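Comments concern the structure below.
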Amino acid sequence: MSDVSDVSVAARTWVPSRDEDAALVTGRGAFLDDLDPLPGTLVATVVRSTRPHARLRSVDLSRARAHPGVAAVIGPDEVRAALRPFPLSTGAVMPYLPTGVDKVRFVGEPIAVVVASDRYVAEDAAELVAVEYDDLGAVTAARAALEPDAPLLHEDAGSNVATDRTFSFGPVEERFRDAAHVVTGRYDFPRYSSVPMECYSVIAQWNEGDAGPSVEAWANFHGPFSMVPVMAGALGIPTSRVRLHVPADIGGSFGIKAGIYPYVVLMALASKHSGTPVRWAEDRVEHLMASSTGADRAMTFSAAVDADGTVTALRTDLIDNVGAYLRPPEPSTLYRCYGNITGPYRIDAVEIRARAVVTNTMPTGLNRGFGGQQLYFGLERLMDAVAAATGRDVVEVRRRNLVSTFPHETATGGVYDSGDYAAALDLAVKNADLAELERRREAARAEGAFYGIGTALVVDPSGTNIGYVGLATPAEDRKPGRDKSGSTEHVRMSVDLQGIVTVLLGSVPQGQGHATVARKVAAQRLGLPIAQVRAVVDMDTATTPWTVTSGSYSSRFAPLVTSAVVAAADTIAATVKAAGATLLEGADPGELTLLDGKVVHPDGRSVAFRHAAGVVHWDPASLPDGVPARLYAEAEFSPRETRAATADDRINSSLCYGFVAEIVAVRIDPDTLEIEVDRVSSVHDAGTVLDQTLLDGQVYGALVHGLGGAAYEEFTHADSGQPTAATFLDYLCPTSAEAGFDLRTDHVVTPSPLTPLGAKGCGEGSSMSFPVAYANAVADALAPHGIEITRLPLHGEVLHRLLTEKENS
């Protein structure tokens, strides 16, 4: 057995594969709770609703305010007086504030904040806040919220419908009328989260100054930074008066921490009342009860199908449960995949009904696979139904309908930039050893056991076009000149006196390895060893370059941020070459290259990169006319392919579109009905691969997230509206033990013509494809018993119920 000294040697000789790893694995990470930026900071705790739906008869803060060590207590009166409702992206009359004011609409909704000398005092005082409720009926499911007798969450809205739009493109009615088969499925995708290791955390300080009030805050928020003006608006101060810091280390998010901004506003108000900086850290129960979650969706999909299995038209009816409020950026879950709603298939006639409803549940927001998990669960279950209706193999019916030429414009306006979907599918089939899996299935069935194979093909959008949010509003109601579009990223790059390059990013990573890739891209572009490049990823809105679309979401780093890095590096390179030409007599900057830390002439002469950089710093007068004496570049990437929605509601909802072909095989224990994943073959096309190790990590991570939603995770509620999954005893997550199956990953590379490196995003693919591939595999295993799979998650208890119901029917 190795002794401690062996471990020490290993630690000293270990070479991390990412810049970020060394600090994290040696306990030197600096998460928000490790920071202490302001002296005299007090601690806050949040008093939350214990009722799913009730009027607030009274909220008595007096005893809490009198408790020793308490600096301030704020409640509905203070919130009502000081804050404005957050702006909504629809005309729904459903005002949203950081706390309940006249009513509470879900268990865990904030009611009051206690600020005290420490957490113990704050928690003790919070128990002294006396709340009297007048209970109201509750509704927690999407379809139930539409019933005429459903309790109304927002009486002034007149219904629980936050948005309801219908879109139609192409000859839908004609295609359905002439179809050889009309195939319809009704499906439900569950409400689940991504439970990052680190929960929400905020430090906020309200400042009064001659120029007016301002707020400085620290939060483990990851964007989109369009929420900064949203926060400023709620506080009633200019955006320029809100300074937000985000630490370099965030303990995961997967989209969930986009929902932290109401707490930044709430803690800023608490700071105003206490006269001190305020720190708040969410605990795990709070997180599971009241932070954010992906939207659950009730949906109906119908396909018009020719006799040969060709799908000629698609109808969808989508109902998203967005929780108690239409919290921005919702209803984006409905529209994020609008441009790719037909998936990888050639379907040019489409009808969509898109609704978002409010219920007495936690508000929703971003979650890995945002909008895609829900879409593809319906679409890919439907494709299996099409295969069954036409008597064809599930792989072949998909192959028959695949898009084959690129760029490809979809009925809804999406433009698929590149791809080879058939090649990816063929590779997935080959790597799965599909014939062997089919033999296993037949052998299992011969023994009366369960074994199934599922397939899913998904188009993976990246580089979101924020213009899709406008689709929630009819074209005639959109304000002229107020369109939203695109997704822009800024990067700042500089070179110091010794030739060290610094890249300043506003991408706000939470473990993805952005610094590693940014350094690598900049080093390659500038011909430098990677050790000569450093990347800074902690965010400060006062000093870091950012736009309203900055942040880490919708797999935007590879297509957008690295493209801005390229632009900045090219600007720097031009100046370095011009400076190098002054040192290489008779040289033309246009003929020079940057290689191995040198500026190189075709005849073999060279000068060190750092010496050329030194000319700019120390001898700028020697530079040719027109060459800036500046080794500093702020560059942006703002593609014009992501324009605002048209008057007929078509939009290219993302810049790039990758692809995933996934085959999943499952084995079901005939006695316990527990489901075991036997094999996964997963083939991805993310364009040019920027870092193979990081790409493989994203594929595996997304797949495990998909496994969570497919087999374990779901926020459930009792009929009363009380949550029944608010601890890890009830909210189950997969661990490495459950993810130890035979995983075979591979890649097809079709570079995007829209990004300088040809890269597309890769952070979400299998989180979209795995849940439905798993469901299709379980459905295949149970097919001899006539069991229909229409919802997730699927595990032994669910299968027992389905089989029992079938036997008793």
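Computed from the coordinates by the stated procedures, all read-outs in this text should not be read as laboratory data. Everything numeric here is computed off the predicted structure, so don't read it as measured data. With ideal geometry, Cβ positions are generated from the backbone for all residues, glycine too; neighbour counts draw on all protein chains shown.
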Whole-Hz ³J(HN,Hα) from phi, Karplus 6.51 cos²θ - 1.76 cosθ + 1.60, for the stretch 147-156, glycine and proline x: 5, x, 9, 5, x, 8, 7, 10, 4, 5
Sticking with the crude label model, points 7 Å out along Cα→Cβ, report the distance from Thr688 to Ala81 in nm, one decimal please. 5.8 nm
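Which of the peptides 617-625, 773-781, 750-758, 713-721 is most tightly packed, and how do the rest follow, going by the mean number of other Cβ atoms within 10 Å of each residue? Let's see the in-between values first.
Values: 617-625: 11.3, 773-781: 27.1, 750-758: 20.4, 713-721: 17.7.
Peptide ranking by packing, descending: 773-781, 750-758, 713-721, 617-625.
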Reported label for calculated mean projected area of the Cα convex hull in nm² given (i) 51.0; (ii) 43.4; (iii) 40.1: (iii)
Within the stretch 771-800, which residues have the backbone N less than 19 Å from the label spot 7 Å out from Glu807 along Cα→beta-carbon, could you tell me? 781-789, 795-800
Of Ala759, Ile237, Val599, which is farthest along the charge dipole of the chain in the positive direction, counting Lys and Arg as +1 and Asp and Glu as -1 at C-beta? Ile237
Treat the count of other C-beta atoms within 10 Å as a stand-in for reagent exposure and order Arg482, Arg368 from fewest to most. Arg482, Arg368
Relative contact order (percent) for the stretch 489-637, with alpha-carbon contacts under 8 angstrom and 6 or more residues of separation? 32 percent
Give the separation of the Cα centroids, the stretch 180-207 to the stretch 690-727, in Å. 9 Å
For the pair Asp719 and Glu155, the simple spin-label estimate (label points 7 Å beyond Cα toward Cβ) gives in nm 2.6 nm
Any helix of the chain counts here only if DSSP assigns it H throughout, its Cα atoms span 15 Å or more along the axis, and its mean Kyte-Doolittle hydropathy is at least 0.5, and such helices are 261-274, 421-432, 562-583, 692-707, 765-782
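Place a +1 charge on the Cβ of each Lys and Arg in the chain and a -1 charge on the Cβ of each Asp and Glu, then give the dipole magnitude about the Cα centre in debye, rounded to the nearest 20. Don't skip to the end; give the middle numbers.
Numbers: 69 positive and 101 negative charges, 276 e Å.
Taking the Cα centre of the chain as origin, the dipole is about 1320 debye.
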Using +1 at the Cβ of each Lys and Arg and -1 at the Cβ of each Asp and Glu in the stretch 669-754, identify which of Gln698, Val680, Phe728 lies farthest towards the dipole's positive end. Gln698
One finds the C-alpha centres of the stretch 337-356 and the stretch 627-655 to be spaced, in Å, by 25 Å
Assertion target for Thr361, Thr166, ordered by fewest C-beta neighbours within 10 angstrom first, is Thr166, Thr361
Taking placed amide H atoms and a strict 5 Å upper bound, the residues 5 or more places from Glu674 or on another chain that come that close are Asp669
So if each residue of separation counts as 0.36 nm, and I subtract the Cα-Cα distance between Glu132 and Glu674, what length gain in nm does that give? 190.6 nm
Under the Karplus relation with 6.51, -1.76 and 1.60 and θ = phi - 60°, whole-Hz ³J(HN,Hα) for the stretch 735-744, x at Gly and Pro, equal 10, 4, 5, 7, 9, x, 7, 6, 10, 10
Filtered hits (lysines, Cα-Cα < 26 Å from Lys806, offset >= 8 within chain) -> none
Ordered by residue, what ³J(HN,Hα) values in Hz, to whole numbers, does the stretch 673-682 give under the Karplus form 6.51 cos²θ - 1.76 cosθ + 1.60, where θ = phi - 60° and Gly and Pro are x? 6, 6, 9, 10, 6, 8, 8, 10, 10, 10
Relative contact order for the chain using alpha-carbon pairs under 8 Å, separation at least 6, rounded to a whole percent? 15 percent
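Using the beta-carbon distance between Glu447 and Asp283 and R0 = 56 Å, what value does 1/(1 + (r/R0)^6) give for FRET efficiency, to the nearest 0.05?
Numbers: r = 49 Å, r/R0 = 0.87.
Efficiency at R0 = 56 Å is approximately 0.70.
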Within the stretch 465-529: Cβ-based charge dipole about Cα centre, in debye rounded to nearest 20 (Lys, Arg +1; Asp, Glu -1): 120 debye
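Please get the size of the charge dipole for the stretch 489-637, origin at its Cα centre, with Cβ charges of +1 on Lys and Arg and -1 on Asp and Glu, quoted in debye to the nearest 20.
On the way: 11 positive and 14 negative charges, 86 e Å.
Using Cβ point charges on Lys, Arg, Asp and Glu, the stretch 489-637 gives about 420 debye.
When a/c is below 1.5 the answer is rounded, else prolate if a/b is larger than b/c, else oblate, so apply that to the stretch 167-210 with a ≥ b ≥ c taken from the square roots of the Cα gyration tensor eigenvalues.
The shape class here is oblate.
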May I ask you to sort Lys479, Lys520 by Cβ crowding, counting other Cβ atoms within 10 Å and putting the fewest first? Lys479, Lys520
Could you please state, rounded to a whole Å, how far the C-alpha centre of the stretch 763-798 is from the C-alpha centre of the stretch 77-134? 39 Å
Pairs from Lys272/Lys479; Lys577/Lys760; Lys257/Lys760; Lys103/Lys484; Lys484/Lys760 whose Cα-Cα separation, in the structure shown, is over 27 Å: Lys272/Lys479; Lys577/Lys760; Lys103/Lys484
How far is it, in nm, from the label point at Asp33 to the one at Tyr700 when both lie 7 Å from their Cα along the line to the Cβ? 2.6 nm
Dipole of the chain, positive direction: furthest Cα of Ala428, Ile347, Ala568, with charges on the beta-carbon: Ala568
Let me have the 222 nm mean residue ellipticity of the chain computed from DSSP H runs of 4+ only, each contributing -39500 (n - 2.57), with the sum over all residues rounded to the nearest 500. -8500 deg cm²/dmol
